[in-house]
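Enquirer: One structure coming up, written as structure tokens, with questions to follow.
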Amino acid sequence: MSEENLPNQNKRKKLLSLVAVIVIIGAIIYAVWALFLNHSEETDNAYVDADTAQVNSMVSGQIIKVLVEDTQTVHTGDVLVQIDDRDAKIAVAQAEADLAKVQRGFTQTQANSKSLSSQIYASDDAITSQRAQVTKAQADVQKAQADFKRRADLSASGAISKEELSTAQNALNTAKANLDLAQAGLSQAMSQQKVAQSNLAANEALIQGTTQHSTPDVLAAQAKLDQAKLNLERTIIRAPVDGVITNRTAQIGQTVTPSSSLMLVVPLNKLYVNANFKESQLEKVRVGQKVTLTSDLYGSGVVYHGKVVGFSGGTGASFALIPAQNATGNWIKVVQRLPVRVELDSKELQQHPLRVGLSMTAKVDLASP
């Protein structure tokens, strides 16, 4: 080897040694980072969201008052909209009248049962009286028959006149007619008793085992009254949750029907963040891990604390209106993002309020339980 090439070889060796040292140092740094420092995943593809409360009309009618505006803060129970309640009040009055009518009918049915029971007791006396009349009529017939037979025998010997015999015959006929009349009266009294007993049984079937408050007709009328009162209450629409009014469409004079959407209430104290992490970032992300977040609204000076509460059932692309169909020959793989829901601290939200749709940066602590 010539002396001229010796310096070049030394330089090459030094350069290779330097590269080797750099590679070793890089490997050591990566190992330290992977083993000790790689305990978080971060994304700036995160946005504030909330389960908004939709305010709908539950009854039909015309809006006469709208008491809130967009961006207005409301509390649970605050009156938002009032619907004309005159028809609802009439319906309540009608239902109250129907209930009173049914209750009166039940009372009348009870009274009818008592009246029918009295009729049955009275019919027993009538039957006894008719039987006595039948017995008397039978005795009268027997006496008239005996009188007629005796006179008929005497008439044959000429001892009595034909007129006297005719009188005896008429008396016998009258006695028989009275017997038929008495027997008919007895049958009629017994039939009337059976009718009264049937009516009593039918009447008792309507009220047996019930009271004025538990009979089916009263319960049905009471249910209609309760529904009418509920519809009257629903003419005043109140805020279902604490929050801020948005998307208000209700206007005075507008005629609404059940399910008509009037506005939304955004519960600002129950906001959460949907953080869209790349699929390659989710290997170690678990439910319950702590998350620190910052918003573009307040900057890095305000830090929110939350925790992972769940993962979406699919990527954003899979639930798009027109999902991607990668069936072409020039298909290029695109890294997908999965929404991860992060629950925020309500106290921090009260101190620094957020709004739905604001951008956030979320950092998950993988070392947290």
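Enquirer: For I252, I83, give the ranking by accessible area with the largest first, probe 1.4 Å. Don't jump to the answer; show the numbers that get you there.
Expert: Values: I252 120, I83 0 Å².
Accessible-area ranking of I252, I83, largest first: I252, I83.
Enquirer: Give the calculated FRET efficiency between S346 and D84 to the nearest 0.05, with a Förster radius of 56 Å applied to their Cβ-Cβ distance. Can you show the working numbers first?
Expert: On the way: r = 39 Å, r/R0 = 0.69.
Computed FRET efficiency for S346 and D84 comes out at 0.90.
Enquirer: Let me cross-check L297: its accessible surface, 1.4 Å probe, with only protein heavy atoms counted, in Å² to the nearest 10?
Expert: Estimated to the nearest 10 Å², L297 gives 100 Å².
Enquirer: Same structure, new question: What does the net charge come to around Q142 if you take all other residues with beta carbon closer than 14 Å to its beta carbon, with K and R at +1 and D and E at -1? Mind showing how you got there, number by number?
Expert: On the way: positive: K136, K143, K149, R150, K176; negative: D140, D147.
Here the count lands on +3.
Enquirer: In debye to the nearest 20, how big a dipole does region 215-299 give about its Cα centre with +1 on each Lys and Arg Cβ and -1 on each Asp and Glu Cβ?
Expert: Working: 10 positive and 7 negative charges, 34 e Å.
With only Lys, Arg, Asp and Glu charged at Cβ, the dipole is about 160 debye.
Enquirer: Ok, one more. May I ask for the net charge around T315, where only other residues with Cβ less than 12 Å from the Cβ of T315 are counted and Lys, Arg are +1 while Asp, Glu are -1? Write out the running numbers ahead of the final one.
Expert: Values: positive: K278, R337; negative: E279.
Once all neighbours under 12 Å are counted, the net charge is +1.
Enquirer: Show F311, F277, F148 ordered by accessible area, largest first, where the area counts protein heavy atoms only and the probe is 1.4 Å.
Expert: Values: F311 80, F277 0, F148 55 Å².
My answer, sorted largest first, is F311, F148, F277.
Enquirer: Using only protein heavy atoms and a 1.4 Å probe, report how much of E163 is accessible, in Å² to the nearest 10.
Expert: 140
Enquirer: In addition: On a 1.4 Å probe surface of the protein chains, which of M190, M58 comes out largest in accessible area, and what is the full order?
Expert: Working: M190 70, M58 105 Å².
Ranked list, largest accessible area first: M58, M190.
Enquirer: State, to one decimal in nm, how far the label point of S191 lies from the label point of H75, with both points 7 Å from Cα in the Cβ direction.
Expert: My value for the distance between the label points is 7.8 nm.
Enquirer: With just the Cα atoms defining each centre, how far is region 77-108 from region 257-274? Give it in Å.
Expert: Spelled out, the Cα-based centre of one part sits 31 Å from the other.
Enquirer: Under 17 Å from the Cα of K143, which lysines turn up, not counting those fewer than eight places away in the same chain?
Expert: Correct list for K143: K176.
Enquirer: Magnitude of the Cβ-charge dipole of region 51-92, K/R +1 and D/E -1, about the Cα centre, nearest 20 debye? Mind showing how you got there, number by number?
Expert: On the way: 3 positive and 7 negative charges, 46 e Å.
Rounded to the nearest 20 debye, it is 220 debye.
Enquirer: Continuing with this model, one more query. Between S166 and D125, what is the FRET efficiency for a Förster distance of 45 Å, r being their Cβ-Cβ separation, to the nearest 0.05?
Expert: Details: r = 39 Å, r/R0 = 0.88.
After rounding, the FRET efficiency stands at 0.70.
Enquirer: Something else now. Straight-line reach from K347: which lysines have a Cα under 19 Å away, not including same-chain ones fewer than 8 places off?
Expert: Reachable lysines: K270, K290, K307.
Enquirer: Using Cα positions and a limit of under 17 Å, work out the lysines in reach of K162, with same-chain residues fewer than 8 apart set aside.
Expert: By straight Cα distance, K162 reaches K149.
Enquirer: Something else about it: Extending each Cα 7 Å along its Cβ direction at I28 and L219, get the distance between those two points in nm, one decimal.
Expert: 8.6
Enquirer: Round to the nearest 10 and report in Å² the accessible area of H352, as given by a 1.4 Å probe over the protein chains' heavy atoms.
Expert: 60
The values are calculated or read from the model by the stated rules, or taken from the named source; none is laboratory data. What you see is a predicted model; the values in this text were computed from it and never measured. We place every Cβ from the backbone using ideal geometry, glycine too, and count neighbours over all the protein chains shown. In case anyone asks, the SASA skips ligands and DNA or RNA and just uses the protein heavy atoms, side chains included. Shrake-Rupley method; radii C 1.70, N 1.55, O 1.52, S 1.80 Å.
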